[in-house]
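Novice: Structure provided below as structure tokens; questions to follow.
The values are calculated or read from the model by the stated rules, or taken from the named source; none is laboratory data. Quantities reported herein were computed from a predicted structural model and do not represent experimental measurements. Cβ placement follows ideal geometry from the backbone for every residue including glycine, while neighbour counts extend to all protein chains displayed.
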Amino acid sequence: MVAACAVMVAMGFGAIVNIAVFLTPLAAEFGWSRGDLSLAYSLVTIGTGTGGILMGHFADRIPIRRVALCGAIIPAAMLLGLSQLHSMGELYVYHAVLGLLGLGAIMAPMNTVAGLWMPRNPGLAIGIVSAGGAFGQGVIPFIARHLILVDGWRQAYVGMALLHVAVMLPLALLLRNADGGTSGRAMPQARHYAVPRHVLIGLLCLAVVFCCMCMGTPIVHVAALGADRGLLQQEAAGLLTVMMLCGMVGRIGFGKVADRIGNLKAYMGASAGQTALAFLFPLMTGKTGLYLLAGLFGLVFSGAMTAFILCAREYADPRRAGFVIGSVMFFGWVGMAVGGWQGGVFYDLCGNYEVSFANASLGGVVNLLVLALLYRFTVGAPAPKAPASGQVATPSVKLATVAKNRSAQ
């Protein structure tokens, strides 16, 4: 079941980045600007984040198979619609629905259910699923690019729709909850913390915004930075490929680390790594240094992604885990959008990437400060003892306990 979740996430991430492959043929066909076409990517990412909250809510209450079927059917229908594209309004609507009702039914719900199938190693399970996303980002656009070159962009959309149905529909029908019911009923018993859970989740959402801002800038701009440093176009694009391939290893590796040392400690370690490495990118001038840095960054940024999903799972009420994971991932999408956007804005203002990547690293520092506060509330503070089953800590009970202690002195 974990492998099925990983493949579905791979297809989902591939569908998100497909717009990059279709930019050139759509611009040539309709004369649309790159900025107008890029808005479709923003809509599909925001839709995916919002849909993750909605579909995560449903995943807590209905069998995961029904949610997965939505994620298998809706994207295929939207890809078929894109093959008949004639207006920019259609482009935006198809991508918004693709994210909201299609990919939103894949990302958060699949990460929610995967950990339940490996209860002793949930970090490894979610790491494997997250690694599927990195694989999809590299393979699915490659397939789409080949189809465009052979048959044109309209038939390429048809081919991608058929591929989506052929892969996703059987997996969705195969998928089931670990207990045969809903995700919420299969979650492990809730832990107790020094502060209410909604405080922990709020702090985690805040941290994730700055965390993903830090990772978003290098992901979006590393190829352009390489070109500015004199790398050939193919060599510059290879920086992102190396980053994503190392990201597959980092997702699984940090998942195993989280199982050993704890989710928050793993998250803090990965965040510290990406914060330091983001600052170093503009300082590198040679191809070897840039490739080495891209590989190291891929290991740690992907580890942070896996770890914050695990933290969300840990802090969530077991009955609302899907909703909480979807909410935290939404803030991750927001941070990614901000990181990519600010990187371009400050490059235009300054004429180089020094300030852009320094801002990304500063976001990482803010993330670490918030995580330090989370550490104080969870790992660094003793959790209050839970009341015994059926016992309520009423004031009369507390007074009786105090009187008993005094009489014993």
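Novice: Among the residues of segment 152-163, is any within 30 Å of Val345 (Cβ to Cβ), modelled with pLDDT of 80 or more and among the hydroxyl-bearing types (Ser, Thr, Tyr)?
Specialist: no
Novice: Just checking, does segment 2-9 include any residue being over 17 Å from the mean Cα position of the chain (by Cα), over 23 Å from Ser87 (Cα atoms) and aliphatic (A, V, I, L, M)?
Specialist: Yes, the conditions are met somewhere in segment 2-9.
Novice: Would you mention how many residues in segment 127-167 are within 14 Å of Ala4 (Cα to Cα) and either of a type in the set (Lys, Arg) or touching a Ser or Thr at 6+ places or on another chain (Cβ under 6 Å) (or both)?
Specialist: 2
Novice: Working only within segment 262-293, note down all residues that are aliphatic (A, V, I, L, M), at pLDDT below 95 and either out of contact with any helix residue (DSSP H, G or I) (no Cβ under 9 Å at 6 or more places or on another chain) or surrounded by fewer than 17 Cβ atoms within 10 Å (Cβ to Cβ) (or both).
Specialist: Scanning segment 262-293 gives a single hit, Leu283.
Novice: Here is a check on your reading of the model: is Ala372 at pLDDT 95 or above, more than 27 Å from Leu225 (Cβ to Cβ) and surrounded by fewer than 15 Cβ atoms within 10 Å (Cβ to Cβ)?
Specialist: Yes.
Novice: Right, here's the next one. Taking Ser361, is it in contact with a His (Cβ under 7 Å, 6 or more places away or on another chain), part of a helix (DSSP H, G or I) and among the small types (Gly, Ala, Ser)?
Specialist: no
Novice: Which members of segment 340-365 meet the condition of being over 21 Å from Phe308 (Cα atoms) and buried (at least 24 other Cβ atoms within 10 Å of the Cβ)?
Specialist: Across segment 340-365, the qualifying residues are Gly343, Ser356, Phe357.
Novice: Just to verify a result, which residue in segment 10-36, among those that are within 13 Å of Gly99 (Cα to Cα) and among the hydrophobic types (A, V, I, L, M, F, W, C), is surrounded by the most Cβ atoms within 10 Å (Cβ to Cβ)?
Specialist: Among them, the one singled out is Ala15.
Novice: Can you give me the ranges of the helices (runs of 4 or more DSSP H) entirely in segment 61-141 with at least 2 residues that are at pLDDT 90 or above and surrounded by fewer than 23 Cβ atoms within 10 Å (Cβ to Cβ)?
Specialist: 64-82, 88-97
Novice: Step by step: first the residues of segment 234-253, then only those that are without any contact (Cβ under 8 Å) to a residue 24 or more places away in the chain and out of contact with any Lys or Arg (no Cβ under 9 Å at 6 or more places or on another chain), then the one that is surrounded by the fewest Cβ atoms within 10 Å (Cβ to Cβ). Which residue is that?
Specialist: Only one residue tops the list, namely Gln234.
Novice: Continuing with the same structure: Determine which single condition Lys256 fails, assuming it passes every other condition in (1) within 20 Å of Val129 (Cβ to Cβ); (2) surrounded by 22 or more Cβ atoms within 10 Å (Cβ to Cβ); (3) modelled with pLDDT under 95.
Specialist: (2)
Novice: Taking the options Leu296, Leu206, Leu231, name whichever one is part of a loop (DSSP other than H, G, I, E, B) and either assigned by TED's automatic domain parsing to the domain that holds Gly322 or buried (at least 19 other Cβ atoms within 10 Å of the Cβ) (or both).
Specialist: Leu231
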